[in-house]
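Have a look at the structure below before the remarks.
The values are calculated or read from the model by the stated rules, or taken from the named source; none is laboratory data. Keep in mind that what you see is a predicted model, and the values were worked out from it rather than measured. In this analysis, Cβ positions are derived from the backbone assuming ideal geometry, glycine residues included, and neighbour counts consider all displayed protein chains. Accessible surface is based on the protein model in full, side chains and every heavy atom, while ligands, DNA and RNA are left aside. Shrake-Rupley method; radii C 1.70, N 1.55, O 1.52, S 1.80 Å.
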Amino acid sequence: MEVGRVKRVAGPVVQAVGLKASMYDLVLVGEEGLMSEVIGISGDKHIIQVYEDTSGIKPGEPVKETGGPLVAQLGPGILTQIYDGVQRPLPLLAERSGDFISRGLFVDGVDHKKKWEFQPLVKKGDTVKPGQPIGVVQEQLLIKHKIMVPPKHKGGVVKEIYSGNFTVEETVCVLEDGSQLTMLQKWPVRQARPVVRKLPPTIPLRTGQRVIDGFFPLAKGGTAAIPGGFGTGKTVMQQTLSKWSDVDIVIYVGCGERGNEMADLLHEFPELVDPRTNRPLLERSIVYANTSNMPVAAREASIYTGMTTAEYYRDMGYDVLMTADSTSRWAEAMRELASRLEEMPGEEGYPAYLAARLADFYERAGRAEILAGGEGSVAVVGAVSPPGGDFTEPVTQNTLRIVKVFWALDSRLTQRRHFPSINWLDSYSLYEKDLESWYAENVAPDWNQLKRRAMAILQENAELEEIVMLVGSDALPEDQQLTLEVARMIINFWLAQSAFHPVDTFCPYKKQYDLLKAILTYRDYAFEALHRGVAVDQIKSVPSKDALAKLKMVEDYEPELKKVMDQMKAEFEALK
Amino acid sequence: MTKEYKTITEISGPLVFVEKTEPVGYGELVEIRTASGEVKRGQVLDTSDEIVVVQVFEGTGGLSKDSSVRFTGDVIKMPLSPSIIGRVLSGSGRPRDGGPPIVPEVEREIIGAAINPASREKPRAFIQTGISTIDGTNTLVRGQKLPIFSGAGLPHNDVALQIARQAKVLGEAEQFAVVFCAMGITNEEAQHFMADFERTGALERAVIFLNLADDPAVERLLTPKLGLTTAEYLAFDLDMHVLVIYTDMTNYCESLRQMGAAREEVPGRRGYPGYMYTDLATNYERAGIIKGKKGSITQFPILTMPGDDITHPIPDLSGYITEGQLIVSRELHRKGIYPPIDIRPSLSRLMNSGIGAGHTREDHRAVSDQLYAYYAEGCDLRGLAAIVGKEALSERDKLILEFADQFERRFVNQGRDEDRSIIETLTIGWELLSMLPETMLTRIDDKYIKKYHPKYAGTAKKE
């Protein structure tokens, strides 16, 4: 390996001479060996971005090559870990350097000493191909970690296969050609892991959030963006999704976010229980925490490191959800580095390759036929933090060109404490059509139709509200006044959902359906009564209507609902 | 043993270019001696074999090509010892109160390393500020960073001072200290702060850094870093609970832009440098609590929004880093309401972990949400009432309109020295909600209504 020398230092960007490294190779800068990456080569100079603080680095200090790009270490022991942007486990960093992160520490992404019980899935004489599982490790109580032939390995005939306890570096399988397989894979983070082919998104990813599952669903392997100004509830949304989605693995990338928020997350995750399995949520999670004051280059890398681990679990046949909070900070990290490199800026100072990078990243998501046969998926939810809440800025716009679901967070809703503050008129999901048949089969045959009716009422409501703003609601004809009332019920009783209420935080499909159906039943009764000549005020004040409001907070709501609906029927029959 | 160089080739604004040096480290502290013997300090911004760029903190006035430059081989450090409490220092950390220099027990790099997220403790100790709009609807917890977004001519300083005076954690009597950093504020404003600190005795447990409007602008870039380094020492070495107030972040960002322009960098939005987010984060993120340590750092940055525009890069980027914001409203101020905090755009992100049973009271979240919902609706209705007249509104709407007015008068409005307990705040909240029929309280669980609604007072058992 060549050793070069530092020529110039300006913030996180260093120029070095005397290297032979290729683009995106990992190099170690200075006496302390700071982790860095080659991001440009010009003449005899290498341009290097350093993942750590560069204070004190002098011209003339050595730059060592490592001979390869930044890789993620993949093997048993990744789950439950908390990493920084370059896959260094944060608890280990704390052990080594105390409460503040110091420089030049090298820590493996997976524990190389710990022994795992390896159970072979193939036997001597079998032919294995790339991506095929050769064995399995019980990584967590409910999650089996499949040990696969690395995707770039050509595979072959098994000569020896062992079972028992091994570290990730020990050989568990020898092939006829002499190649030895271990439980550890290394994969360059900026490169997508291969699949056989991508599959269409026809299975919904259940989130337990009424506004999402009902109106703007995400599919397994789908992509979604949550743009919203600060304080509109992006982070709470992402955390709620991580908690309640029906996926096998959740990867949370905190990219340039707040330290206290990460602390909250790390504190809460171990206490949360997966509603499906009754096991701690942490057992299926991996967290990447690169807070806003940690080095900017590592922030840029964190998105790729997270995606690589997501793909790795997909390759085992799992459904994975990766949430990135926030992709704007990632884009800003790119901008910051580009400006240090004195690159020609594009729109708003972002580099011209912003759109290409975003597209590359989101394209790594998807439901796919994996190399091992079968399916796996990676869904990506990216938060976008548009400056000043302005959705016309480049990161939001370029993201919207790629993602299929758009959950527009609205600060006006936040101000009324309406959560999730997803605007039901601006948001969209392009998966709706693909998922309809699944819903009709698995939730209720009339579920799709019900949702369309509710949406139509909300649309009408928006138009009526404009008129109300001019003339007041009393000036409207009676039927329109009723529509306003029903819309208010849909908004307050159904769309509004508290992430902090123990019951309301997660709403199963059945309950979503029942509650919406109840509201629309009220509507039918109400219009029927109106036609009979009952006064609007009487219709609006039937007591059972308000009883509906609180059902979402009741766990065993069905008996109650039945009571309320019977009461409602009786009340309407009594109206004259 | 460090050499002195007389190889300055260019002086441009706050930057000095030095040639033909031995290898110099990035970020190193530099001392430049002028012909008259004055020593100015600076920091290396860019270093290479050929040329070193130095940013001078104390202004480049008096420097010439003959000035000698000494590279200290060390990064900038803040001298610290317990005797720093009660001192008044300049924006670059030199004594300003006529006292002796600080004899350091330790010296700390002022560019603080990031706290390992895994070592952070989740902040959840409720801080009672005695201000209803904060305690009731935007609750502050220990370790939080909650900025005050304000505009020129609004009483944000009074609000900050009232918080500094009244803030306490219920049921605890622990050591606490105030670090106050002034960046580019006027002499008058500084005096106002100082007088209040003296009046209330806060000065004895405060460390004050003053960079006034006529002090060098580049020095401002140093001030919060010195202040926060001091705060970390007080919190994590001396186990104190530290409240850091810094004002005005807008001046700090102006300096950042000025430096960026001097360095001929590619500017970002409105001319501010592209790394402003990261730079602000390195200040704001130095708040919090560390597992196993007794102390904490809570931050109150104050910034004035240019033209009251919350989408301006400074409040915008700050809002993305801090844990919420308190917005001082001109409209409320004009109505004569103090503190004129508009709760609608205000937010405390850590509120949830500090409220509820065991912290404040079980009904806190529900009451707060319900107040928010109808106050926001009431404010919207005002616009409508202005067009169609109050008479054209429905009964429900009239009620909500009245609620919003009363909310401002009774909940938001309070005296400058009025220190309301959280129970008092919640009681006012319930009184206001009782103006509305019970069926309208859709966000509150029935059990809380039965327990706390004034209508049932006396019938339910007291806690």
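Give me the percent of accessible area attributable to carbon and sulfur for chain B, probe 1.4 angstrom.
Of the solvent-accessible surface of chain B, carbon and sulfur hold 50 percent.
Heavy-atom accessible area with a 1.4 Å probe sorts A:LEU425, B:LEU350, A:LEU470, largest first, into A:LEU470, A:LEU425, B:LEU350. Accessible area per residue for segment B:386-463 is 53 Å², calculated with a 1.4 Å probe on protein heavy atoms, without ligands, DNA or RNA.
Computed over protein heavy atoms with a 1.4 angstrom probe, the accessible surface ordering of B:HIS359, A:HIS418, largest first, is B:HIS359, A:HIS418.
Among beta bridges from DSSP that stay inside the protein assembly as shown, the antiparallel ones total about 65%. Helix B:156-166 and the long axis of chain B differ in direction by around 80°, with both axes built from C-alpha atoms.
Please find the FRET efficiency linking B:GLU265 to B:ASP419, where r is the Cβ-Cβ separation and R0 is fixed at 56 Å, and quote it to the nearest 0.05. Plugging the Cβ-Cβ distance into 1/(1 + (r/R0)^6) gives 0.75. At a threshold of 30 Å², the residues of segment B:236-270 that become less accessible to a 1.4 Å probe in the full protein assembly than in their chain on its own are B:VAL266, B:ARG269. Straight-line cross-link reach from A:LYS113 at under 18 Å between alpha-carbon atoms covers these lysines, not counting any fewer than eight positions away in the same chain: A:LYS186. On a 0 to 90° scale, report how tilted helix B:187-199 is relative to the longest principal axis of chain B, with both axes built from alpha carbons and the result rounded to the nearest 10. Helix B:187-199 sits roughly 60 degrees off the main axis of chain B. Summed over both chains, the accessible area lost when B and A associate is about 6500 Å², using a 1.4 Å probe. In order along segment B:257-269, the phi-based Karplus estimate (6.51 cos²θ - 1.76 cosθ + 1.60, θ = phi - 60°) of 3J(HN,Hα) comes to 5, 4, 5, x, 5, 4, 8, 6, 7, 6, x, x, 4 Hz; Gly and Pro are listed as x.
For segment A:1-142, a simple Cβ point-charge model (Lys and Arg +1, Asp and Glu -1, everything else neutral) yields a dipole of about 360 debye relative to the Cα centre. In a DSSP loop and with at most 11 other Cβ atoms within 10 Å, there are no chymotrypsin sites (Phe, Trp or Tyr not before Pro) in segment A:486-574.
In deg cm²/dmol and to the nearest 500, what is the mean residue ellipticity at 222 nm of chain A if only DSSP H runs of at least 4 residues count, each as -39500 (n - 2.57), divided by the residue total?
Only helices count here, giving -10000 deg cm²/dmol.
Classify the protein assembly as shown as rounded, prolate or oblate from the Cα gyration tensor: take a ≥ b ≥ c as the square roots of its eigenvalues, call it rounded if a/c is under 1.5, otherwise prolate when a/b beats b/c and oblate if not. It is oblate, given that a/c is not under 1.5 and a/b is not larger than b/c. Partner aspartates and glutamates whose Cα lies under 12 Å from the Cα of A:LYS552, excluding those fewer than 8 positions away in the same chain, are identified as A:ASP504, A:ASP514, A:GLU560, B:ASP445.
Each Lys and Arg Cβ is given +1 and each Asp and Glu Cβ -1; about its Cα centre, the protein assembly as shown then shows a dipole of about 1600 debye. For a modelled paramagnetic label at B:GLU188, 7 Å from Cα along Cα-to-Cβ, the residues of segment B:297-323 in reach, with backbone nitrogen under 18 Å, are B:304.
The dipole here belongs to chain B: it is taken about the Cα centre, uses +1 on the Cβ of Lys and Arg and -1 on the Cβ of Asp and Glu, and is about 1060 debye. Interface residues of segment A:398-421, defined as those losing at least 20 Å² of solvent-accessible heavy-atom surface relative to the isolated chain (probe radius 1.4 Å), are listed as A:GLN415, A:ARG416, A:ARG417.
Ligands, DNA and RNA left out, the accessible area of segment A:339-425 computed with a 1.4 Å probe is 49% carbon and sulfur.
When the Cα gyration tensor is reduced to axis lengths a ≥ b ≥ c, the ratio a/c is 1.5 or higher for segment A:238-323, and with a/b not above b/c it is classed as oblate. Rolling a 1.4 Å probe across all protein chains gives A:MET322 an accessible area of roughly 0 Å². Check the straight Cα-Cα distances from B:LYS3 and name the lysines below 17 Å, setting aside those fewer than 8 residues away within the same chain. Counting by Cα, and skipping residues close in sequence, B:LYS3 has these lysines nearby: A:LYS58, B:LYS20, B:LYS40, B:LYS65. Taking the average, over residues, of other Cβ atoms within 10 Å as the packing measure, peptides B:14-26, A:302-314 rank A:302-314, B:14-26 from highest down. Among the listed pairs A:LYS114/B:LYS291; A:LYS517/A:LYS550; A:LYS510/B:LYS450; A:LYS569/B:LYS455; A:LYS404/A:LYS433, which are separated by more than 20 Å between their Cα atoms? Exceeds cut-off: A:LYS114/B:LYS291; A:LYS510/B:LYS450; A:LYS569/B:LYS455.
Trypsin sites (Lys or Arg not before Pro), restricted to segment B:248-280: which are DSSP loop and have at most 11 other Cβ atoms within 10 Å? Walk me through the intermediate numbers first.
On the way: sites: B:ARG257, B:ARG263, B:ARG269, B:ARG270; in loops: B:ARG263.
Here no trypsin sites (Lys or Arg not before Pro) fit, given the DSSP loop and packing criteria.
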